[in-house]
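The block underneath contains the structure these notes are about, expressed in structure tokens.
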């Protein structure tokens with residue numbers, strides 16, 4: 001391999017480091033977004049519960065008004081009962097009174113149930129508010145940690161980016177363009193080593209997609225400084241060195 005392929009291999013190493021730090025930076029920022037989303041979920045839950053309480057109160061007020069009207073009607077029936085002149089009239093009023101009392105008791109039960117629900121919902125609101133207050137503290141803690149880490153990551157990115165720019169200057173424009181296009185397709189992995197699949201035969205494959213490669217490619221890369229790409233995944237191919245890199 002010649003200086004162009006060697007330069008691409010060097011650029012690939014820098015690209016990997018650069019993307020690794022950028023990933024850490026993005027993950028750090030996402031941690032804040034995650035905590036903010038948790039806070040937003042709690043706030044939405046509190047708003048929904050408060051709206052539920054509001055509707056329950058409206059329903060309770062309506063039933064209490066209805067209960068008041070029932071009580072007034074029962075009082076009226078009792079007065080009529082005392083003024084009844086015949087057994088038939090007395091019996092009719094008494095039947096209506098008993099029915100009104102039964103309805104009244106049912107309404108009282110419904111109001112009582114609503115009051116219990118209100119009490120439970122208000123307690124739940126208090127618990128959610130407590131969670132919101134705790135989550136706000138957590139969001140601020142995570143944000144401060146993220147800002148500190150982000151500053152470090154950004155400095156590291158600037159240093160590595162300077163290395164990348166310097167390494168890119170030594171490459172022909174066409175080679176650099178190919179590298180960038182393939183890197184965008186494979187999350188930075190623009191190069192793939194040629195793997196020998198069988199030591200006893202000249203069988204080779206792409207280290208990126210494992211598609212078989214002709215032995216001629218190995219011969220070309222061994223003797224010439226050319227950019228060869230896998231016909232299947234389009235990665236730039238290179239030969240691995242026998243010793244440690």
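Computed from the coordinates by the stated procedures, all read-outs in this text should not be read as laboratory data. What you see is a predicted model; the values in this text were computed from it and never measured.
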Legend entry - Equivalent ellipsoid semi-axes - Cα gyration tensor, the range 175-238, angstrom: 21, 14, 7
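For Cα pairs less than 8 Å apart in space and 6+ apart in sequence, what is the mean separation divided by the residue count of the chain, i.e. the relative contact order in percent?
The normalised contact order for the chain reaches 31 percent.
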Legend entry - Nearest 10 degrees, 0 to 90: helix 3-83 Cα axis against the chain principal axis: 10
Legend entry - Relative contact order, percent, the range 175-238 [alpha-carbon distance under 8 Å, six or more residues apart]: 30
Inset, instruction - Return one number: the angle in degrees, 0 to 90 and rounded to the nearest 10, between the long axis of the Cα atoms of helix 173-185 and the longest principal axis of the Cα atoms of the chain. - result: 30
Inset, instruction - Write down Rg/Rh for the chain, rounded to two decimals, with Rg from the C-alpha atoms and Rh from the Kirkwood relation over Cα pairs. - result: 1.52
Inset, instruction - Quick one, can you get me the convex hull of the C-alpha atoms of the range 1-97 expressed as volume per residue in Å³? - result: 118
